[in-house]
Amino acid sequence: MADNINQIIDHKLFTEDDIHEMCVRLGKQLTEDYAGKKPLVVGALKGAIYFLTDVTRQMDVAHQLDFLDVSSYGNGFESTGKIKVVTDLSADVKDRDVLIIEDIVDTGLTLKFMRDLIKGRGAKSVKCCALLNKDARRTTDVTVDYYGSKVGNEFVVGYGLDFLNMYRNIPYIGVLKPEIIDKYAK
Ligand code: 5GP
Ligand code: MG
Ligand code: MG
């Protein structure tokens, strides 16, 4: 088991400064779009927590926070589409403007599930702000209303994004070494 960051990361994709710039830009946009709305900001556990704390502190809008943990069974590298609620929201979303904060949207199945769940409970609006958008991998038609950057078809780790449910605390976003993927993806 690799346990040192240098042993698993091939190269940096986004530095801490890059991430900060994305949060500032998105925060400004969200401030404009949610002015006067008091949204319910829903963090998708666990990957989005680092991004959520940074982007919401760039939002000059009164809002409330809640969290939702949905998980898909998989090998750790991609979702299977069989999604279930692990930890539900505590707030009632009826008639609320809900903003989902996600770490990354890949196939889109997880986001579609969350959007449908929240919309089905009577939310007034549901939008999503994701740090990263792997749009070339989408298998479902789902809108990512705001995102920090697009990424290609590579497995990224850090700033909330996990590898085997670890390494979320790496302060930047890096790409896993190919040999690590080969070793664990099977
Ligand atoms: P989707 O349902 O859109 O295929 O998958 C979304 C979830 O898969 C993300 O919230 C994230 O947990 C995980 N995921 C997708 N791509 C990556 C990636 O490149 N790195 C990491 N660490 N997780 C990913
Ligand atoms: Mg996620
Ligand atoms: Mg994961």
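The values are calculated or read from the model by the stated rules, or taken from the named source; none is laboratory data. Keep in mind that what you see is a predicted model, and the values were worked out from it rather than measured. Positions of Cβ are backbone-derived with ideal geometry, glycine not excepted, and every protein chain shown enters the neighbour counts.
How many residues does the stretch 86-122 contain that are at positive phi and surrounded by fewer than 19 Cβ atoms within 10 Å (Cβ to Cβ)? Quick ask: steps written out before the conclusion?
Residues of the stretch 86-122 at positive phi: 95, 108, 122.
Filter again for surrounded by fewer than 19 Cβ atoms within 10 Å (Cβ to Cβ), leaving 95, 122.
The total comes to 2.
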Taking the criterion of being more than 10 Å from ligand 1 (Cβ to nearest atom), more than 30 Å from THR15 (Cα to Cα) and of a type outside the set (Gly, Ala, Ser), would at least one residue in the stretch 97-112 satisfy it? yes
For the stretch 32-51, the count of residues that are away from ligand 2 (no atom under 11 Å from the Cβ), under 19 Å from the mean Cα position of the chain (by Cα) and over 21 Å from ASP95 (Cβ atoms) equals 1
Which members of the stretch 120-145 meet the condition of being polar (S, T, N, Q) and either within 26 Å of ASP54 (Cα to Cα) or not in a loop (DSSP other than H, G, I, E, B) (or both)? SER125, ASN133, THR143
Do any helices (runs of 4 or more DSSP H) lying entirely in the stretch 5-74 carry at least 1 residues that are modelled with pLDDT of 95 or more and over 14 Å from ILE170 (Cα atoms), and which ones are they? 16-33, 49-56
Suppose we filter ILE83, ILE104 for residues that are modelled with pLDDT of 95 or more and within 16 Å of the chain's Cα centre (by Cα); which single one remains? ILE104
How do the pairs read when you match residues in the stretch 157-172 that are over 18 Å from LEU52 (Cβ atoms) and of a type in the set (Phe, Trp, Tyr) with residues anywhere that are within 15 Å of ligand 2 (Cβ to nearest atom) and assigned to a loop (DSSP other than H, G, I, E, B), using Cβ under 8 Å and keeping only pairs 6 or more apart or on different chains? PHE163/GLY76; PHE163/PHE155
